[in-house]
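Please read the structure below before turning to the comments.
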Ligand SMILES: NC(=O)c1ccc[n+]([C@@H]2O[C@H](COP(=O)([O-])OP(=O)(O)OC[C@H]3O[C@@H](n4cnc5c(N)ncnc54)[C@H](OP(=O)(O)O)[C@@H]3O)[C@@H](O)[C@H]2O)c1
């Protein structure tokens, strides 16, 4: 696995990160620790969790793993606040951020959080209040870097402009949903992140499992898969995503995968890793076997004609104005004309 700078000012992270949303849910502690061992053994350095994952159990599992191996100084641990505010507080209010960070520090068993994400926009809290709380945490040494997740373009720009104007920490990282099945981030959010030197750590890079090819058009899923457990779950819910467009994209992924003798998941991950602004992919898995298979994608560099085929098949279909106005004659958005590269070259202005 190679390394990337997370944005212009962030830490150095592995190009593939370990997402831990399954810890304490589909994945029990013993398997989670096998996944963490595997990830560290394969050169992974970025671990992503949140205070709300299994009600804090994900953070606790990571904390116990860290203590058992004598610390996590070789890891960048990211966690999040916003969706579990203490009673009497708003999501991203100062009181909430300052209380939530103490809970995460305690569960992770650490003195400082390497990367602290605000998990989403809070319409009831002025971002300057959140940024001041984060600034105080950075000054106190309890947080090293800050990031945001699940924001629109104008919200991200407002956060960055406010931080610069007030001398507060500018986010180094953005955590959006982004995959071949959902490229909505390219309209506003990705350009804003690039403009501000922010590195992206996309979540659901396999579309919640769809891009492995495991879900077909004709049969509702059953059995021990995410949608077998709950077909209505999240943005990847079966009825929401079982569309002609999804199957067009899956067809292109399947064709490219067959040409390379690789699983579909490798192709989907390789495409995303090579997109502009992407620093590190958050790999989700329920088992060490899945994680190992996904980490095998790390060395895959798709040739330009394959990248192009996937990009065209998944083109988000921009509205005529203003977005369509910046498309070229071939219907490929201006972001698709930017240089894309392989792992280790897509993440930031300063790849290493
Ligand atoms: N900031 C946010 O709001 C936010 C939101 C969501 C996630 N995240 C972060 O992003 C991480 C990844 O998200 P995600 O879990 O949705 O990612 P994903 O990679 O799109 O989906 C992961 C799921 O796909 C299936 N899968 C993965 N590899 C597979 C393989 N090789 N073969 C067959 N099935 C496979 C597994 O589900 P089954 O086996 O159960 O079907 C696995 O749990 C999370 O862990 C979390 O850290 C952040």
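Which whole number in µm²/s is D for segment 61-157 by Stokes-Einstein, with the Kirkwood Rh taken over Cα pairs at 20 °C and 1.002 mPa s?
Working: Rh = 13.8 Å.
Translational diffusion coefficient: 155 µm²/s.
Which of 123, 80, 142 has the fewest other C-beta atoms within 10 Å, and how do the rest follow up to the most?
Starting with the residue having the fewest Cβ neighbours, the order is 123, 142, 80.
Going by C-beta contacts inside 10 Å, put 69, 183, 241 in order with the fewest on the left.
Exposure proxy ranking, most exposed first: 69, 241, 183.
Could you give me the radius of gyration and the Dmax of the chain, taking only the C-alpha atoms into account and expressing both in angstrom?
Using the Cα atoms of the chain, the pair Rg, Dmax is 19.4, 57 Å.
Considering only segment 3-337, what is the antiparallel percent among its DSSP beta bridges, to the nearest 5?
15
Over the residues of segment 218-316, compute the C-alpha Rg and express it relative to 2.2 N^0.38 Å.
Working: Rg = 14.3 Å, N = 99, 2.2 N^0.38 = 12.6 Å.
For segment 218-316, the normalised Cα radius of gyration is 1.13.
Considering all alpha-carbon pairs of segment 69-228, what whole percent are spaced by more than 19 angstrom?
On the way: 7486 of 12720 pairs.
When all Cα pairs of segment 69-228 are counted, 59 percent exceed 19 Å.
Rounded to two decimals, what is Rg over Rh for segment 158-276 when you use alpha-carbon atoms and the Kirkwood radius?
With Rh from the inverse mean 1/r over Cα pairs, Rg/Rh is 1.07.
Take the Cα atoms of segment 144-193, find their three principal axes, and give me the spread along each one in whole Å, biggest first.
The principal-axis extents, from largest down, are 37, 22, 13 Å.
Using a Gaussian network for the chain with springs between C-alpha atoms less than 10 Å apart, which of these wobbles most: 179, 89, 280?
89
Which one of 232, 309, 29 has the biggest mean-square fluctuation once the chain is modelled by GNM with Cα springs under 10 Å?
232
Among 75, 200, 1, which comes first, then next, by fewest other beta-carbon atoms within 10 Å? Before the final figure, lay out each step's value.
Working: 75 23, 200 29, 1 17.
With the sparsest Cβ surroundings first, the list reads 1, 75, 200.
As a test of the definition: which semi-axes, in Å, follow for segment 1-142 when you take the square root of five times each eigenvalue of its alpha carbon gyration tensor? Largest first, please.
Largest first, segment 1-142 gives 26, 18, 13 Å.
Once the cut-off is 17 Å, how many percent of the Cα-Cα pairs in segment 266-329 end up in the long-distance tail? Kindly include the intermediate steps, with their values, before the conclusion.
Values: 1091 of 2016 pairs.
The share of Cα pairs beyond 17 Å in segment 266-329 comes to 54 percent.
Throughout, read-outs are computed from the coordinates displayed, never taken from laboratory work. Predicted model, so just to flag it, every value in this text is computed and none were measured. Using ideal geometry, Cβ is built from the backbone for each residue, glycine included, and neighbour counts are taken over all protein chains shown.
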